[in-house]
Amino acid sequence: MEQPRPKLPELLAPAGNPERLRTALHYGADAVYVGLKAMSLRNYADNFTQEELKEACRLAHGMGRRVYVTLNAFARDEDLEALPQLLEQAAEAQADALIVNDPGVIRVARRLVPHMPLHLSTQANTLNAQAAAFWQEQGVKRIVLARELSIDQMAELIRQSPPELEFEAFVHGAMCVAYSGRCLLSAYIAGRDPNRGECAQPCRWSYEMRERGPGAEQGWFPVEQDQRGTYVLNSRDLRLIQYIPQLAEAGLSSLKIEGRMKSIAYVATVVNAYRMALDAYWQSLAAGTPYQLDSALLQELDRASHRPYTTGFALGLGATPYQAPESAAYIGEGTIGAVVLSYDPQQGRGIIEQRNKFALGDTLSILSPGDVGRTLMVEGLWDLEGTPRQDTPHPRERLILACHASLRPGDILRIIGI
């Protein structure tokens with residue numbers, strides 16, 4: 001008997017502010033998740049005002065996409081005082097779902113906005129089908145699975161669960177050093193509670209140890225015995241683009257990219273790569289041909305700012321390293337040069353907004369939805385009054401660029417040193 005064809009999972013992207021939301025949608029995200037000004041686990045992202053959330057939902061819905069609002073901080077009683085207003089804002093904006101974690105938040109949300117779907121945060125660390133059934137009984141429609149599960153374990157959990165219950169998993173981005181993101185380091189060391197959106201990331205810091213006893217104030221030693229570094233807690237970044245068929249066949253409804261604090265260059269690069277991989281996989285299923293990941297997409301993800309990659313727990317315990325103790329520094333060769341605002345193909349000119357300095361004669365990489373690998377040489381630059389320019393020294397200045405390669409508003413031009 002022929003096996004049923006798996007559904008194509010939703011591609012869910014981070015949006016830390018309105019510009020990143022527009023970028024994620026431009027590059028093919030099916031849905032985005034955003035935070036309001038309180039009760040989000042990324043309080044240091046710009047996040048959204050009420051009016052910005054309304055506009056975000058109008059934009060996304062006009063494109064047939066979805067917006068999920070995060071209310072997943074660990075709440076105290078004083079936090080719950082603002083919750084009714086936050087729920088009202090999300091409902092009035094016509095957001096598509098709430099991402100929640102705290103049972104108290106779930107209880108209040110079910111009472112005040114019973115029509116809004118609830119998605120359970122990964123911080124609830126759902127690891128088994130019985131836990132999933134419990135949360136469904138509490139009114140949860142979708143569960144973001146714990147990152148500590150392998151793909152095979154996800155598949156078995158989903159197999160044992162009701163078909164109407166949806167499941168989501170992280171597939172790309174920074175990984176917390178603590179179990180399911182529950183960490184006390186930042187609160188203890190820096191006074192910033194990571195479970196309430198204020199993490200200072202002390203797990204990425206360099207550490208030393210001190211010998212107790214006479215002269216201890218002089219006795220500081222590196223934790224490691226070589227010169228590579230002392231970042232003993234530093235987690236690698238997750239990357240599962242190579243396993244899209246397995247993730248889809250496991251029955252996941254949504255593949256989630258981490259990064260509400262990331263730049264638009266990161267959002268564009270990562271969303272575009274996963275969108276292209278998902279679409280290629282779907283096309284291979286329709287054609288009945290074997291799917292093979294385009295190696296150019298791996299190169300694209302290498303250009304995004306990242307720490308060394310890992311598959312995390314997806315392939316089982318110990319399948320790949322989880323930590324990078326040699327350094328907490330980001331790597332990646334792509335720097336955003338400009339954002340395209342408009343393009344006139346007849347004149348071969350576009351209006352761009354500068355983000356980093358480049359000059360005549362430089363080569364830029366074109367990042368456009370569904371397209372990688374194209375470049376252009378900067379052959380002509382003018383200010384908006386038509387005065388020729390040799391380079392782009394002024395931050396966010398709008399300029400005219402000579403370009404005969406096809407561009408679209410929202411495309412990104414990267415400085416990649418080629």
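The values are calculated or read from the model by the stated rules, or taken from the named source; none is laboratory data. The structure presented is a predicted model; accordingly, all values stated were derived computationally and were not measured. With ideal geometry, Cβ positions are generated from the backbone for all residues, glycine too; neighbour counts draw on all protein chains shown. What goes into the accessible areas is simple: the full protein's heavy atoms, side chains included, and nothing from ligands, DNA or RNA. Shrake-Rupley method; radii C 1.70, N 1.55, O 1.52, S 1.80 Å.
A straight line joining the Cα centroids of the stretch 118-136 and the stretch 358-418 runs 46 Å. Straight-line cross-link partners of LYS37 among the lysines, defined as a Cα under 17 Å from its Cα and at least 8 positions apart when in the same chain: LYS54.
Oblate is the label for the stretch 1-112, because a/c, from the alpha-carbon gyration tensor with a ≥ b ≥ c as root eigenvalues, is 1.5 or above and a/b does not exceed b/c.
Surface analysis of the chain yields an accessible area of 47 Å² per residue, using protein heavy atoms and a 1.4 Å probe.
Counting only lysines at least 8 places from LYS7 when in the same chain, those with an alpha carbon closer than 17 Å to its own are LYS256. Computed in the context of the full set of protein chains, the accessible area of the chain at 1.4 Å probe radius has 50% of its extent on carbon or sulfur. Of the complete DSSP H runs in the chain, those spanning 30 angstrom or more by Cα along the long axis with a mean Kyte-Doolittle score not below -0.5 are 264-287. By the rule of a C-alpha distance below 19 Å, with chain neighbours fewer than 8 residues away ignored, the aspartates and glutamates paired with LYS141 are GLU10, ASP30, ASP96, ASP102, GLU156, GLU164, GLU166, GLU168.
Over the chain, Cα pairs under 8 Å with separation of 6+ residues give a relative contact order of 15 percent. Computed over the Cα atoms of the stretch 333-418, the ratio of the radius of gyration to the Kirkwood radius (Rg/Rh) comes to 0.91. Length available on full extension from LEU341 to TYR291: 0.36 nm per residue minus the Cα-Cα distance, which gives 14.5 nm. Applying 0.36 nm per residue to the separation of GLU385 and ALA280 and subtracting their alpha-carbon distance, the gain on full extension is 33.4 nm.
When the helices of the chain are scored as -39500 (n - 2.57) per DSSP H run of n ≥ 4 and the total is divided over every residue, the value at 222 nm lands at -7500 deg cm²/dmol. Computed extension length for LEU80-ASP371: 100.3 nm, one decimal, from 0.36 nm per residue of separation with the Cα-Cα distance subtracted. Note on the chain: GNM, Cα springs under 10 Å; of LEU21, LEU118, LEU165, the largest mean-square fluctuation is that of LEU165. Of the residues LEU80, LEU36, ALA190, the one whose Cα sits farthest toward the positive end of the charge dipole of the chain, with +1 on the Cβ of Lys and Arg and -1 on the Cβ of Asp and Glu, is LEU80. Scanning residues 5 or more positions from GLU10 or on other chains, those with amide H under 5 Å from its amide H are SER254, LEU255, with H placed 1.01 Å from N in the peptide plane. Remark: relative contact order (the stretch 362-418) = 44 percent; criterion is Cα-Cα distance under 8 angstrom and separation of 6 or more residues.
Each Lys and Arg adds +1 at its Cβ and each Asp and Glu adds -1 at its Cβ; summed about the Cα centre, the chain shows a dipole of about 200 debye. Anisotropy class assigned to the stretch 236-307 is prolate, per the alpha carbon gyration tensor with a/c at or over the 1.5 cut-off and a/b larger than b/c.
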